[in-house]
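Visitor: Questions regarding the structure given below will be posed in turn.
Read-outs throughout are calculated quantities, based only on the coordinates presented, and are distinct from any laboratory measurement. Just so we're clear, the structure is a prediction, and the values are computed from it rather than from any experiment. Note that we place each Cβ from the backbone using ideal geometry, even for glycine, and neighbour counts take in every protein chain shown.
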Number of protein chains: 4
Amino acid sequence: MTISETITADQAQVLLVAGQAHAAAMGVHVIVAVLDAGAHLKAFARMDGAVLGSIDVAIGKARTAALFGTSSAAVWDYCQPGAPAPNLQASNGGLMPFPGGVPLIDADGVLIGAIGVSGGAPSQDLAIAEAALATLNG
Amino acid sequence: MTISETITADQAQVLLVAGQAHAAAMGVHVIVAVLDAGAHLKAFARMDGAVLGSIDVAIGKARTAALFGTSSAAVWDYCQPGAPAPNLQASNGGLMPFPGGVPLIDADGVLIGAIGVSGGAPSQDLAIAEAALATLNG
Amino acid sequence: MTISETITADQAQVLLVAGQAHAAAMGVHVIVAVLDAGAHLKAFARMDGAVLGSIDVAIGKARTAALFGTSSAAVWDYCQPGAPAPNLQASNGGLMPFPGGVPLIDADGVLIGAIGVSGGAPSQDLAIAEAALATLNG
Amino acid sequence: MTISETITADQAQVLLVAGQAHAAAMGVHVIVAVLDAGAHLKAFARMDGAVLGSIDVAIGKARTAALFGTSSAAVWDYCQPGAPAPNLQASNGGLMPFPGGVPLIDADGVLIGAIGVSGGAPSQDLAIAEAALATLNG
């Protein structure tokens, strides 16, 4: 029996290394989580100095991005006050609809997983996730 | 012992087929969930191309409609800012109070279950649920 | 963006129809659940007359088979009294390690999901799952 | 504010690399999880080909070892039939009291975390965890 992988261990490792390097260059201590397209954990690294509360947040941002195939922040567009899907954030055991989760889409446009970063300000977390993604695609 | 059914498997199947056909005609990939009057899953179909996050949302919209005997969107009238039931959406493990869940009411006016649709825009999801319901009643 | 499907909606529908037909021929009222390789619900049908408690059991058997890539009953070989993995059944939110869950493996040997059946005796549930699988592969 | 680390990211990385290398040499596909002394996830890697069900099991074995400061298998000595702590395995959200989880104890005898491995036979998982630990201490 063969397990069908959407994201490989090698790809996940590139994301972890690049994300942590970018965070270190920014002087922030973060957690980087990589999930496959089924939202299952593939790889994870917690930098020294990161707060414990960010473990669940990093995984949650990645889960949000993987489950909806969009950035975690974009999910908030659907459920923020006045938007058409109030309380969507309570679905799926609780979404993390703010910056730092980015879907991983391959060259053929296929969703292969997601990366989630937490530990800095949300804008920093997003910059780190995008830098990791750029390294993977570069 | 006999199990008392509120909605039959045949009725649920009509709803799934009609809902998916309507979604296909609209070009959206959705999940259709049918619950009985006790809010227990009766039938479910996930179209190819639907995002995983919508599984829980489709079931949640149907749960919301079955539990309160009204459309999922109408529940928001009770709990939106300024309305008389703040945080009602946190009850029952988390409601999904936005368009796409519709109660199923038979010719005698009896609540027999609910249908929930997710995967498109909320307005599309509602149109699909209503089209399925019209087929069942037509 | 494209969602990568491990099992298609058409394949899941074949399983549901075949499983229910076999159950009807045996005179039992069952629930049939089909999950993808990531253990996410793809299709589900509850026959009239099935007990409500079997909803979670059918899904749980399929989850057990999808998560470990083996039959739900085979998981018990690892955790039964005297076996090398006591309490494995408490992992993953609670496994259902008894007959009725079967992994779906395609012609290339790739795990594409699982089917779970509950409502009859475990041996009947397994026979129904295997009959459905034979129809899919036949 | 400074976060007190029991195990460092560098140490965790050594464990992941050594554990995966040993597993590859044995021809098994495993998951390696490293927790700190507070039983919080520090680092995690899922090799290609590992079954999804082993994600929770690997973390569970490491949790069991970290929470009790002993090997996951040794916990079974307390709760197996006839032992003095029946149902201990149901504590802490469900322990995984079988081989593959090993506590990490530094040169001063201080518990600094735990490693958990799952994906092979329990005896293989334990051999991989011990090989990783030997590399860290070597």
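Visitor: Placing a label point 7 Å from Cα toward Cβ, how far apart in nm is D:Pro86 from its equivalents in the other copies, listed shortest first to one decimal?
Guide: Spelled out, the distances from D:Pro86's label point are 1.3, 5.1, 5.2 nm.
Visitor: Something else: Pick out the long, greasy-scoring helices in chain D: whole DSSP H runs spanning 18 Å or more along their own axis by Cα, mean Kyte-Doolittle at least -0.5. Intermediate values should be presented prior to the final figure.
Guide: Values: long enough: D:9-26 (26 Å, 0.72); D:53-68 (23 Å, 0.80); D:122-137 (22 Å, 0.49).
Counting only whole DSSP H runs, the qualifying helices are D:9-26, D:53-68, D:122-137.
Visitor: Short version: what are the Cα gyration tensor semi-axes of the stretch C:47-123, square root of 5 times each eigenvalue, largest first, in whole Å? Write down the numbers at each step before the final one.
Guide: Working: eigenvalues 80, 63, 20 Å².
The three semi-axes for the stretch C:47-123 are 20, 18, 10 Å.
Visitor: Sort out for me the Cα centre separation of the stretch D:86-135 from the stretch B:71-138, rounded to whole Å.
Guide: Here the two parts' Cα centres lie 48 Å apart.
Visitor: Next question. Taking the alpha-carbon set of the stretch B:1-60, what are its Rg and Dmax in Å?
Guide: Rg and Dmax of the stretch B:1-60, Cα atoms, are 12.6, 44 Å.
Visitor: For chain A, report the % of Cα-Cα distances exceeding 17 Å. Write down the numbers at each step before the final one.
Guide: Details: 5053 of 9453 pairs.
Tail fraction, whole percent: 53.
Visitor: I'd like the distance separating the alpha-carbon centroids of the stretch D:30-56 and the stretch C:28-45, in whole Å.
Guide: One Cα centre to the other: 28 Å.
Visitor: Going by the rotation axis that takes chain A to chain D, pick out the residue of A with the closest C-beta and quote the gap in whole Å.
Guide: For chain A, the closest residue to the axis carrying it onto D is A:Phe44, 2.
Visitor: Now, a different point. Between B:Ala39 and the same site in the other copies, what are the distances in nm, shortest first, taking label points 7 Å from Cα along the C-beta direction?
Guide: 2.0, 2.5, 3.1
Visitor: Summing -39500 (n - 2.57) over the DSSP H runs of n ≥ 4 in chain D and dividing by its residue number, what mean residue ellipticity at 222 nm do you reach, to the nearest 500 deg cm²/dmol? It would help to have the intermediate numbers written out before the result.
Guide: On the way: 4 runs with 58 residues, N = 138.
It comes out at -13500 deg cm²/dmol, rounded to the nearest 500.
Visitor: While we're on this one: In Å, what is the Rg of the alpha-carbon atoms in the stretch D:84-138, and how long is Dmax?
Guide: 13.0, 38
Visitor: Next question. Kindly put C:Asp36, D:Asp108 in sequence by how many other C-beta atoms sit within 10 Å of each C-beta, fewest to most.
Guide: D:Asp108, C:Asp36
Visitor: Averaged over C:32-39, how many beta carbons belonging to a partner chain fall within 10 Å of each residue's beta carbon? Don't jump to the answer; show the numbers that get you there.
Guide: Values: counts 0, 2, 3, 0, 4, 6, 10, 5.
Rounded to a whole number, the mean comes out at 4.
Visitor: Taking the Cα-to-Cβ direction at C:Val51 and at D:Asp77 and moving 7 Å from each Cα, how far apart do the two end points lie in nm?
Guide: Result for the modelled spin labels: 4.2 nm.
Visitor: Counting other beta carbons within 10 Å of each residue's own, what order do B:Ile112, B:Ile105, B:Ile31 fall into, fewest first? Write down the numbers at each step before the final one.
Guide: Details: B:Ile112 19, B:Ile105 15, B:Ile31 30.
Ascending Cβ contact count within 10 Å gives the list B:Ile105, B:Ile112, B:Ile31.
Visitor: Let me ask you something else. Mind pulling the per residue volume of the convex hull built on the Cα atoms of the protein assembly as shown? Å³ is fine. Provide the component values of the computation, followed by the final result.
Guide: Values: hull volume 93.2 nm³, N = 552.
Spread over its residues, the Cα hull of the protein assembly as shown gives 169 Å³ apiece.
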